[in-house]
Protein chains: 2
Amino acid sequence: MRERERIQRLSALFGVAPGEGIDLGIGDDAAVLRAPTDQELVWTVDAHVEKVHFERRWVTWEDCGYRSFIAAASDVSAMGGAPWCALGALSLTSDVSDRDLEALAVGQSVAARAVGARIVGGNLSAGEIVTITTTVLGLTPHAVRRQGAKVGDGLWIAGEVGLAAAGLRALALGKAGSLVEQAVLAWRRPSPRVSAGLAMAGVAHAAIDVSDGLACDVGHLAESSGVRAVFDRALLLAHGGDALARAAEAVNADPIDLALNGGEDYALVAASVLPIHGFVRIGEMREGAGVYVREDQGERLVEDRGFDHFARPE
Amino acid sequence: MRERERIQRLSALFGVAPGEGIDLGIGDDAAVLRAPTDQELVWTVDAHVEKVHFERRWVTWEDCGYRSFIAAASDVSAMGGAPWCALGALSLTSDVSDRDLEALAVGQSVAARAVGARIVGGNLSAGEIVTITTTVLGLTPHAVRRQGAKVGDGLWIAGEVGLAAAGLRALALGKAGSLVEQAVLAWRRPSPRVSAGLAMAGVAHAAIDVSDGLACDVGHLAESSGVRAVFDRALLLAHGGDALARAAEAVNADPIDLALNGGEDYALVAASVLPIHGFVRIGEMREGAGVYVREDQGERLVEDRGFDHFARPE
């Protein structure tokens, strides 16, 4: 299909009728929206780049559309927002067939429905590698920021950490089977955290989503807030449970290392005095700086080994 | 620099302080905005992909940042909106230096200021080719759509057409000099059309920006509106003036062909009964379908030769 026909096909698939503040969806130069007057807009953009964020042999096109969308929507949840509308910019290589594109769009569409958002437009382009860039607008009565955590706050988490990293490692190593099945699914189809995100708004002092790694991302939150984060090893392992333990064993990794340094689960972490519905406690905020883990032997500083797009080999 | 330092550098460069509806800019999971209650939001995303939209030898990094931003902002102007806020997602190859990135960001920043928008966030990623994806939110009291042109409307244009295509051809052919200088500049540094876009709102029946080619883009507008577009050859050539004539001669092209089929000038075209401030008339809307040009010998159907990302060689 030519560009125009592809746009028409996507338009039919995403099927945006006016309503819910959407005055005009796909098919014009831009979408036209009417924002609710009583809420803040939360706005993010996120790119999924072939050979950086995924290899084709690790995912179906539908997975690819799904996980790229959830990754972008996760930033909105991390601010205590509900995803509202999205645009998707696709750069496609010439060997991406009409059927591949349709599968990719189905993945985006399934993810959009899962988070309660509407895809209202986008952009199609040729390119030498596949890139999926998603921008999401969310709504919140009260945005939760990275800055704002206080000494004495508990550290709370919604969603697993480490499982997706184990799944990615299993895919890279070519391992399959029941031990890693759940981990591979965690990487390919990360769960949306919309209700957890909404539950934080007005309760949490600060929050972030775990994309690069728990220690790395919570390190950003702690630094922004001027506090020290202390994870509890036992709570982290209990939270990871059998699934993390099994997956870690299958890919020959330390479960606590996976939990602290594995990324792409898109869990939400919040700093809060009060418990938050859907979250479990994994540590707390103390005076000082840096990220620590409390073990039997005492507190150990956690080195930042989160993913860095521009880190040079040492 | 590592990813984190690059983000801090960009944050300092774009320098968003709260205000003008921006509650939170760069540095968190998402930007936080408060939309004016009396206006519609106009929202677009646009990608600039290396080897598709540009070759490095044709542009400086600053040009690259500038033109990618103007291309995205143009979609907002085409809806009668004023650009308000923007996010930029950059995929960078490992040979893009810190200085290159800074130049790219300066280009984005200059363009943002030129259209009156603020860059409030974005995304950095590695990648095997450079891709700059820009999403822009605009505000308008009354969005102008593609659909809505009426028989008897004049066809009005703000900005040149064909010059950028001549400039691109000159760059590809390695031609330089005074004959093509203005054309090359039109391609590298397209002019923003913010005031023209605002002037349309509430006056024009329909509008579009010229990115793929005048005939192609106005063809979309005509088809959406169920009318026929007729350009006046003499008016088009008069509008192109000496600059188009000279550039066409230098790259051995027909000026009317450049005007009708050249893209990337980001001119605005509107269908309107009344004249619009900043626009000149180049034709009108008639009953029927298709795109025609009126010449001395009568009306000639214009074949659609606009840019198509997925057209196969015949």
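The values are calculated or read from the model by the stated rules, or taken from the named source; none is laboratory data. Since we're looking at a predicted model, the values are computed, not measured. Virtual Cβ from ideal backbone geometry, glycine too; neighbours counted across all protein chains shown.
Brief remarks on what is shown
- Residue in region B:66-77 that is of a type outside the set (V, I, T), over 28 Å from A:D212 (Cα atoms) and facing chain A (nearest Cβ under 7 Å) present: yes
- Within region B:70-103, the set of residues being part of a helix (DSSP H, G or I) and within 13 Å of the chain's Cα centre (by Cα) comprises B:I70, B:A71, B:A72, B:A73, B:S74, B:D75, B:V76, B:S77.
So that you can scan it fast, the table gives a plain yes or no per residue for (1) hydrophobic (A, V, I, L, M, F, W, C); (2) without any contact (Cβ under 8 Å) to a residue 24 or more places away in the chain; (3) part of a loop (DSSP other than H, G, I, E, B):
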site: B:D212; (1), (2), (3): no, no, yes
site: B:C216; (1), (2), (3): yes, no, no
site: B:S224; (1), (2), (3): no, no, no
site: B:L236; (1), (2), (3): yes, no, no
site: B:A253; (1), (2), (3): yes, no, yes
site: B:E264; (1), (2), (3): no, no, yes
site: B:A270; (1), (2), (3): yes, no, no
site: B:I276; (1), (2), (3): yes, no, yes
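- Top-ranked residue of region A:9-26 - restricted to ones that are away from chain B (no Cβ under 11 Å) and modelled with pLDDT of 85 or more, ranked as nearest to the chain's Cα centre (by Cα): A:F14
- Residue tally, condition of a type in the set (V, I, T), within 14 Å of chain B (Cβ to nearest Cβ) and under 17 Å from the mean Cα position of the chain (by Cα), over region A:132-158: 6
- Residue within region A:278-293 that is in contact with a strand residue (DSSP E or B) (Cβ under 6 Å, 6 or more places away or on another chain) and closer than 27 Å to A:L173 by Cβ present: yes
- Pair list, Cβ < 7 Å and 6+ apart or interchain, from region A:136-163 residues that are over 16 Å from A:R233 (Cα atoms) to residues that are surrounded by 24 or more Cβ atoms within 10 Å (Cβ to Cβ) and among the hydroxyl-bearing types (S, T, Y): A:V136/A:T44; A:G159/A:Y266
- One residue alone among B:A196, B:A245 is within 29 Å of B:V180 (Cβ to Cβ) and touching a residue at least 60 places away in the same chain (Cβ under 8 Å), and that residue is B:A196.
- When we screen A:R57, A:R2, A:R6 for residues that are facing chain B (nearest Cβ under 9 Å) and loosely packed, with under 15 Cβ neighbours inside 10 Å, the only hit is A:R2.
- Sole residue being under 21 Å from B:G154 (Cβ atoms) and surrounded by fewer than 18 Cβ atoms within 10 Å (Cβ to Cβ), chosen from B:G213, B:G240, B:G202: B:G202
- Within region B:97-126, the set of residues being small (G, A, S) and under 13 Å from B:I7 (Cα atoms) comprises B:A105, B:G121, B:G122, B:S125.
- Positions within region B:119-141 being over 20 Å from B:P36 (Cα atoms) and of a type in the set (A, V, I, L, M, F, W, C), in sequence order: B:L124, B:A126, B:I129, B:V130, B:I132
- Scope region A:173-190; condition among the hydrophobic types (A, V, I, L, M, F, W, C) and in contact (Cβ under 8 Å) with a residue 12 or more places away in the chain; matching residues: A:L173, A:L179, A:V180, A:A183, A:V184, A:L185, A:A186, A:W187
- Search result, residues across region A:104-140 that are assigned to a helix (DSSP H, G or I) and surrounded by 18 or more Cβ atoms within 10 Å (Cβ to Cβ): A:L104, A:A105, A:G107, A:Q108, A:S109, A:A111, A:A112, A:V115
- Qualifying residue in region B:27-48 (condition: among the basic types (K, R), surrounded by fewer than 24 Cβ atoms within 10 Å (Cβ to Cβ) and more than 11 Å from every other protein chain (Cβ to nearest Cβ)): no
- Evaluation of A:S195 against the conditions (1) in a helix (DSSP H, G or I); (2) surrounded by 20 or more Cβ atoms within 10 Å (Cβ to Cβ); (3) of a type outside the set (D, E, K, R) shows that the sole unmet condition is (2).
- Subset of region A:82-97 (residues that are more than 21 Å from A:D23 (Cβ to Cβ), facing chain B (nearest Cβ under 8 Å) and touching a helix residue (DSSP H, G or I) at 6+ places or on another chain (Cβ under 9 Å)): A:L92
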